[in-house]
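Here the structure comes first, spelled out in structure tokens, and everything after it is commentary.
The values are calculated or read from the model by the stated rules, or taken from the named source; none is laboratory data. None of these values were measured; they are calculated from a predicted model. Note that each Cβ is placed from the backbone with ideal geometry, even for glycine, and that neighbours are counted across all protein chains shown. Note: accessible area is taken over every heavy atom of the protein model, side chains too, but ligands, DNA and RNA are not part of it. Shrake-Rupley method; radii C 1.70, N 1.55, O 1.52, S 1.80 Å.
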Amino acid sequence: MVRYDLRHLHDNFYDRMLELLEKEVKPEEVAIFLFEIGDFSPIQKSADLIKEAGHELLNSLKFNEVDWTIVVRRKK
């Protein structure tokens, strides 16, 4: 399991999240991504991107008042 803090990217974390999944996370490995939620739209968008990329969203939860985490399993 690996953890990536993408909060410093604010609303521009999507490309980096997918890049990490494809290049850094091994197939079948679980990754945790931490990002800022702002207006809550990043939550659904990130879930949609994970699904479209063919990976499995395992969990999505509020970390604190402004941060969110998603747990993703990279598929082959």
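Quick check on the range 33-43: of everything there that is out of contact with any Leu (no Cβ under 7 Å at 6 or more places or on another chain) and either aromatic (F, W, Y) or under 13 Å from H10 (Cβ atoms) (or both), which residue is surrounded by the most Cβ atoms within 10 Å (Cβ to Cβ)? Among those that are out of contact with any Leu (no Cβ under 7 Å at 6 or more places or on another chain) and either aromatic (F, W, Y) or under 13 Å from H10 (Cβ atoms) (or both), it is P42.
For the range 28-76, the tally of residues that are part of a loop (DSSP other than H, G, I, E, B) and among the acidic types (D, E) stands at 4. Against the list (1) in a loop (DSSP other than H, G, I, E, B); (2) in contact with a strand residue (DSSP E or B) (Cβ under 9 Å, 6 or more places away or on another chain); (3) of a type outside the set (G, A, S); (4) open to solvent by 30 Å² or more (accessible area, probe 1.4 Å), the condition V25 fails is (4). Scanning the range 44-59 for residues that are more than 17 Å from R74 (Cβ to Cβ) and open to solvent by less than 40 Å² (accessible area, probe 1.4 Å) turns up nothing. Residues in the range 1-22 that are of a type in the set (F, W, Y) and either exposed (fewer than 11 other Cβ atoms within 10 Å of the Cβ) or touching a residue at least 60 places away in the same chain (Cβ under 8 Å) (or both): there are none.
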